Amino acid sequence: MRRVAITGAGTINPLGHDVVQTYAAMQAGDCAIGPLTCRDLDRLSVQIGAEVRGFDPDAHFSRSARTLLDRFSQFALVAGREAMVQSGLSAPGLALSGDMACRAGVVLGTAGGGNTTVDENYRTVYEAGKNRVHPFVVPRLMHNAATAQLAMEFGLKGPSYTVSTACASANHAMGQAFHLIRGGAADVMMTGGSEAMLCFGGIKAWEGLRVMAQDTCRPFSRDRSGMVQGEGSAVFVFEDMDHALARGADILAEVAGFGMSSDASDIVMPDIDGPSRAMRAALQDAGLPPDAVDYVNAHGTGTAANDRVEAQALRRVLGDHLDRIPVSSTKSMHGHLIGATSAVELLAGLMALREGVIAPTINFSEADPEIALDVVPNQARRGQVDVVMSNAFAFGGLNAVLILKRWSGL
Amino acid sequence: MQQIDDISERVIAIIAEQAMLPVEEVTPDLQLSDLGIDSLGIVECIFGIEENFGITVPFNANTPDQPGFDISSVGAIIAEVEKLVARKAA
């Protein structure tokens, strides 16, 4: 069976505008959660979020390009350019050529798509009472816009589509990219996720569910009080292992396994069975026993229900081995990037494999007696990590788990 | 007194609708779980109360046991709504 390598990684997220900055922030245990700056903030009960600060679209895009790009597509392009440059396959704006172009594609995850564009244009027609919107509203807001923009940027002409499974979108997308390469439908896939929902309407919708924290995000901590929304993107280059080796690419890690499941029980309340089955399926796909896992990047949203149920599901799958390994939630630092979150979290997995540093769960104040996990509280830790499990569990009960392996040659 | 009774009746009507029960069966001593109202149902009840009374209820589904808005029984909810309505009138 074909094996799959990661040969490029890129990101722009609340912790940093590239991978190097993001790793540094994760190692320092930085918290990017702060006061929101969106319009009509006084009408929101949620006042905090993890925004991408200091992002200047003009530094990345011409004015004519920008008119077609929602913020979520801008993030995806910035992240994708970094990933593609690192892979050595192309450069910004440079199309792949010939056969390789037709054997390369894009699968991205997003939950909200062009939510900012939707928000702005609803204001235009409903609030301002105008009867005309900008001609490019649809090409900006559609969920597949970021995918198409990346395909155009690099001339990727193979299988390309967008996956939308709420908070598991990016893991589902990356799992699909993995399958496409392993199954022989493509040799190179750009994949990951992008999200930009920190606009008035995007926050207001989440507010309604009464699950948002007022102070900060404290995954697994006894005093956790909910999730905090973030925004941003991470994009990776997945590549057929032989293809990558043949061209002497730097292999960041091997994608070893992927597992999916559906709870089929409740539209929002998590379940132990579904996530357990997804984790088991991923391990089985990777051909690894549970005790091979060295680090789990948890879904760890900081809600009362998710964190308790995830801990129980981990126990069911990993048994006593769970007592010997770290399990951290980097959402404590970068917030919950909804459809992009598992892509940014995969960076924590890569960092553990490549640099031997395990990202912490910050804002941790007190252990929850119902959660017996080593959450790497508040400070990053050194450790040898050969196998990472990265969890994503979405509303709707749709679960997706990826397993990465350290690459040390054939 | 009339106004207090009115608040009680309105809160019970909201909860009864959520529970799909006649209002006579929704008594102050009962817990929402006794009425078959789950976590999503609680959030809908809170929303219904806010819309009906024009108030904002400080409720976070992650910390239902914490003070702010006591939802331990139908009677507790009525008492909390009475406080919020009085505060709004003041």
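I want to confirm something. Restricting to region A:183-240 and keeping residues that are touching a His at 6+ places or on another chain (Cβ under 8 Å) and outside any loop (DSSP other than H, G, I, E, B), which single residue is nearest to the other protein chains (Cβ to nearest Cβ)? In this case the residue turns out to be A:M227.
Being surrounded by 18 or more Cβ atoms within 10 Å (Cβ to Cβ) and within 23 Å of A:A305 (Cα to Cα) is a condition met by no residue of region B:3-17.
Does any residue of region B:3-22 turn out to be part of a helix (DSSP H, G or I) and within 14 Å of chain A (Cβ to nearest Cβ)? No; the residues of region B:3-22 include none that is part of a helix (DSSP H, G or I) and within 14 Å of chain A (Cβ to nearest Cβ). Within region A:49-78, the residues that satisfy the criterion of being aromatic (F, W, Y) and closer than 20 Å to A:Q229 by Cβ are A:F55, A:F72, A:F75. Contact map, region A:314-329: first residue closer than 26 Å to A:A32 by Cβ, second residue small (G, A, S) and buried (at least 20 other Cβ atoms within 10 Å of the Cβ), Cβ cut-off under 6 Å, separation 6 or more or different chains; pairs are A:V327/A:A298; A:S328/A:A359; A:S329/A:A298; A:S329/A:G300.
Among the residues of region A:136-145, is any among the aliphatic types (A, V, I, L, M), surrounded by 22 or more Cβ atoms within 10 Å (Cβ to Cβ) and either in contact (Cβ under 8 Å) with a residue 60 or more places away in the chain or not assigned by TED's automatic domain parsing to the domain that holds A:D242 (or both)? Taking every residue of region A:136-145 in turn, at least one turns out to be among the aliphatic types (A, V, I, L, M), surrounded by 22 or more Cβ atoms within 10 Å (Cβ to Cβ) and either in contact (Cβ under 8 Å) with a residue 60 or more places away in the chain or not assigned by TED's automatic domain parsing to the domain that holds A:D242 (or both). Reported count of residues in region A:26-38, each being assigned to a loop (DSSP other than H, G, I, E, B) and either modelled with pLDDT under 95 or hydrophobic (A, V, I, L, M, F, W, C) (or both), is 5. Taking (1) outside any loop (DSSP other than H, G, I, E, B); (2) farther than 25 Å from A:V211 by Cβ; (3) in contact with a helix residue (DSSP H, G or I) (Cβ under 8 Å, 6 or more places away or on another chain); (4) at pLDDT 90 or above in turn, B:P28 satisfies each apart from (1). In the set A:I272, A:I338, only one residue is at pLDDT 95 or above and surrounded by fewer than 24 Cβ atoms within 10 Å (Cβ to Cβ); that residue is A:I272. Report, by residue number, each residue of region A:302-330 that is within 14 Å of another protein chain (Cβ to nearest Cβ) and either of a type in the set (D, E, K, R) or at positive phi (or both). Across region A:302-330, the qualifying residues are A:G302, A:D307, A:R308. Restricting attention to region B:46-90, the residues that are assigned to a loop (DSSP other than H, G, I, E, B), within 11 Å of chain A (Cβ to nearest Cβ) and surrounded by 18 or more Cβ atoms within 10 Å (Cβ to Cβ) add up to 6.
Which of (1) modelled with pLDDT of 95 or more; (2) within 30 Å of A:T7 (Cα to Cα) is the odd one out, the single condition A:Y122 does not satisfy? A:Y122 satisfies all of (1) modelled with pLDDT of 95 or more; (2) within 30 Å of A:T7 (Cα to Cα) except (2). Residues in region A:197-220 that are surrounded by 21 or more Cβ atoms within 10 Å (Cβ to Cβ) and either of a type in the set (D, E) or farther than 28 Å from A:R308 by Cα (or both): A:C199 only. Can you spot a residue in region A:74-86 that is crowded, with 17+ Cβ neighbours inside 10 Å, within 22 Å of A:G158 (Cβ to Cβ) and over 18 Å from the mean Cα position of the chain (by Cα)? Looking for residues that are crowded, with 17+ Cβ neighbours inside 10 Å, within 22 Å of A:G158 (Cβ to Cβ) and over 18 Å from the mean Cα position of the chain (by Cα), one finds at least one in region A:74-86, hence yes. If you filter region B:34-45 down to residues that are within 14 Å of chain A (Cβ to nearest Cβ) and over 9 Å from the mean Cα position of the chain (by Cα), you find that the one that is surrounded by the most Cβ atoms within 10 Å (Cβ to Cβ) is B:I37.
The residue pairs whose first member lies in region A:31-54 and is loosely packed, with under 12 Cβ neighbours inside 10 Å, whose second member is among the polar types (S, T, N, Q) and not in a helix (DSSP H, G or I), and whose beta carbons are closer than 8 Å, counting only pairs six or more residues apart or on different chains, are A:P35/A:Q47.
The values are calculated or read from the model by the stated rules, or taken from the named source; none is laboratory data. These figures come from a predicted structure and were not determined experimentally. Cβ atoms come from the backbone with ideal geometry, glycine included; neighbour counts cover every protein chain shown.
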